[in-house]
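The values are calculated or read from the model by the stated rules, or taken from the named source; none is laboratory data. Treat the numbers as computed from the prediction; the structure is a model and nothing was measured. Ideal geometry is used to build each Cβ from the backbone, glycine not excepted, and the neighbour counts take in all protein chains shown.
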C-alpha cells in the first residue's frame, strides 16, 4: 500500500470523525440517557444487579436476547462513567471513531481490490458524509458500527486469502479468530461466513479439496470455541443450549401477524406488542421464562403464516423492496437511497468484468447477509453494516461517468 494512500486514509478518518462528532453535538444525541434498547438494559442489569438479563420493561431475569460482546462493553462504560451524560459522551466518541475508521478503510480496501484510485477516493468521500442509520452510526445504540467494521475485515481478509490462495498451504490463525469473534459479536454474519465457505468449496480445484476442507474445519472449530462459553452459560441459566440469540421467535412474531407492518418503527409503535414497551408482554416473559415465551411466539407466528400465506408473502415482498430501496423521511432522501442502490447494481455488474473476485465477494454478501431480514421487520440499522459495499459499488459508475466526461477514463474499475 503506497504511503500516499495511507495519508489519504488518515485524512478521511479525521474528517469523518470530526463530522460525526459535529452531528452528535448538533443533534444533541450525547444528552440522551441509556436504557431504551434491550442491549442497554442488559448492560445496566449487569452493573446494577450483577445479572446478564432484564432486557425488557420489567425484571424478567437471565437472558440470551443478545450475544454478550456489545452489552458487556456497554456495561464496562456504565461501571466506569455511570449512566449519565458523561457515559453518552464517551460512547458516542468511541462509536464515531469506529465509524470513521470504517470510512478510512474503504479507500484502502478499494485500492487493494484493484479498483481505480478515482473510484476509491469517491467511495471514501461519500462514506464520510453518508449516514444511513444515525443512532447506529454515531451513538451506538446497537453493535452496528462494530459489525460494519468486522464485516469489512472479514471480506478484506477473504479477498487476500483467495487472491493469494493461502488456503492451499496455511491460513493465518487470526482469520479463524476474526470469524469466531464476528460470530460472537453478532450472529447475523454467520450466513455470510457459510456462503463464503460454500463458494470456496465450489471454486476450489479438485486436487486441493481435502486441504481446503481441513481449513474449513479449523474455521468451524474456531467459531465453535468462541460460542461455546456463551452456549454453556445459557444452558445453566436458561436450561437450553442457545448458541447465538434467543429472541428470533419474538422478532418473527412481531414481524408477521395480524395488522403488522413491514417496518420495525411501526410495529414497535404499538405499545401492546413488544415486552420492551408492553408490561403485559413483559409479565408473560416473567411467567413463562424467556425460552418458552419465544417458543410460544414462534408457534403463534407460524400458525398465522400457515393461515395467511398471501399476507406473509406480501410483507416479505415489502421487506425485500425496503431493504434494497429504503424508504426515507421525505422524497429527496428516498430518491437518493434508490439511486444509490441502482448505481450499486450497475457498479457490481461492471466489477464482474474488471475485478471479478471483489465482485463475487460483494455478491455473496448481498445474497446471504440480508436473508433473515426478509422475514423480519425492516430497519435501516439492519442494512447499515453492508452500506459501505453499496457506496463502493455505486462509486464505480460515477467514476466512469466522470472519467468519460473529462476524457481521462481508463478501462479499469
- In the range 219-237, how many are under 17 Å from residue 62 (Cβ atoms) and either surrounded by fewer than 17 Cβ atoms within 10 Å (Cβ to Cβ) or modelled with pLDDT under 95 (or both)? 6
- Pairs, first farther than 11 Å from residue 92 by Cα in the range 10-32, second outside any helix (DSSP H, G or I), C-beta under 9 Å, six or more apart: 19/131
- Message: Restricting to the range 60-97, name every residue that is touching a residue at least 60 places away in the same chain (Cβ under 8 Å) and within 22 Å of residue 235 (Cβ to Cβ).
- Response: 60, 61, 62, 63, 64, 65, 66, 67, 68, 69, 70
- Query: (1) farther than 21 Å from residue 128 by Cα; (2) assigned to a helix (DSSP H, G or I); (3) modelled with pLDDT under 95: which one isn't true of residue 327, the others all being true?
  - Reply: (2)
- Does the range 245-255 contain at least one residue that is modelled with pLDDT of 95 or more, farther than 27 Å from residue 376 by Cα and out of contact with any helix residue (DSSP H, G or I) (no Cβ under 7 Å at 6 or more places or on another chain)? no
- Does residue 106 satisfy the condition of being in contact with a helix residue (DSSP H, G or I) (Cβ under 7 Å, 6 or more places away or on another chain) and farther than 25 Å from residue 157 by Cβ? no
- Considering only the range 74-88, how many residues are part of a helix (DSSP H, G or I) and surrounded by fewer than 17 Cβ atoms within 10 Å (Cβ to Cβ)? 6
